[in-house]
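Structure first, then comments.
The values are calculated or read from the model by the stated rules, or taken from the named source; none is laboratory data. Keep in mind that what you see is a predicted model, and the values were worked out from it rather than measured. Positions of Cβ are backbone-derived with ideal geometry, glycine not excepted, and every protein chain shown enters the neighbour counts.
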Amino acid sequence: MKVVSVATADSRAYFSILSRLKMTNLRFVSLTPTQARMQRREAIITTKKEMELFSGTSILIEELDENPLVMEGQILSRISSKGNRLLLIGIDPGSRVGVVVFYGDSKLGSFTVESLEELRSRLSRVVRGIPSMKAMVRIGDGAPRQSKGIAQMIRTELPEVLIEVVDERGTTTSRQKADGLTRDQGAAVKIAHRKGVLLPNPWQRNS
């Protein structure tokens, strides 16, 4: 993974972005604007006021989401090749809905929700906030009625997203936690990487 550089003389902006970067999987270094110019860094996270100081790719702090998961995806979209911009989301339905988000080869994070409305809100923020070549959601079929409701919600809220329903047998581990994930989130990881049945999209029939 490429290393991104944080270079700004604005202390408030610096500590704001640093606190979020520490909650991501990104590799980063902190430099003064002078150091960043001398080293000719490719990707610089800086402020809008300071962007003209650098010749490489400037990623503006003011344009990055406050949510570290979404922010990581936004940064990766600026430094990844076009062929590696698939936004992939796995969902494990249940009383607690496990969700995992991948961007290309990178896992951005996971979370758990307990209502369809919370799921709608968080998925919308992820899909609309992270630029991608294609967005796909894979939903486990273990709770058929709930899976159908989630698919219908996504189709209405995010019609551009591809939806697959996945056979989720064998996706749930008996352990409470695996790799720092809850059982729901661990199952969502396996669902995300399992090929499913693509649901037709009525909005794209004539495209």
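Evaluate segment 71-81: report whether one residue or more is farther than 23 Å from I17 by Cα, at pLDDT below 95 and in contact with a helix residue (DSSP H, G or I) (Cβ under 9 Å, 6 or more places away or on another chain). No, segment 71-81 has no match at all.
Mind checking which residues of segment 1-54 are within 24 Å of S110 (Cα to Cα), of a type in the set (A, V, I, L, M) and in contact with a Pro (Cβ under 7 Å, 6 or more places away or on another chain)? The answer is M23, and nothing else.
In segment 88-108, the residue that is farthest from the chain's Cα centre (by Cα) out of those that are more than 16 Å from A135 (Cα to Cα) and touching a residue at least 24 places away in the same chain (Cβ under 8 Å) is G94. For segment 157-207, a residue qualifies if it is of a type in the set (S, T, N, Q), assigned to a helix (DSSP H, G or I) and either within 17 Å of M136 (Cβ to Cβ) or at pLDDT 95 or above (or both), and exactly one does: Q204.
Restricting the search to segment 1-12, which residues are within 26 Å of the chain's Cα centre (by Cα) and either within 16 Å of P68 (Cβ to Cβ) or surrounded by fewer than 16 Cβ atoms within 10 Å (Cβ to Cβ) (or both)?
M1, K2, V3, V4, V6, R12
When the residues of segment 22-49 are filtered to those that are touching a Leu at 6+ places or on another chain (Cβ under 9 Å) and under 18 Å from S80 (Cα atoms), the one that is surrounded by the most Cβ atoms within 10 Å (Cβ to Cβ) is I45.
Could you pull out every one of the strands (runs of 3 or more DSSP E) wholly within segment 13-107 that has 1 or more residues that are assigned by TED's automatic domain parsing to the domain that holds E118 and under 30 Å from E117 (Cβ atoms)? Because the criterion is at least 1 residues that are assigned by TED's automatic domain parsing to the domain that holds E118 and under 30 Å from E117 (Cβ atoms), the strands (runs of 3 or more DSSP E) in segment 13-107 that meet it are 86-92, 97-103.
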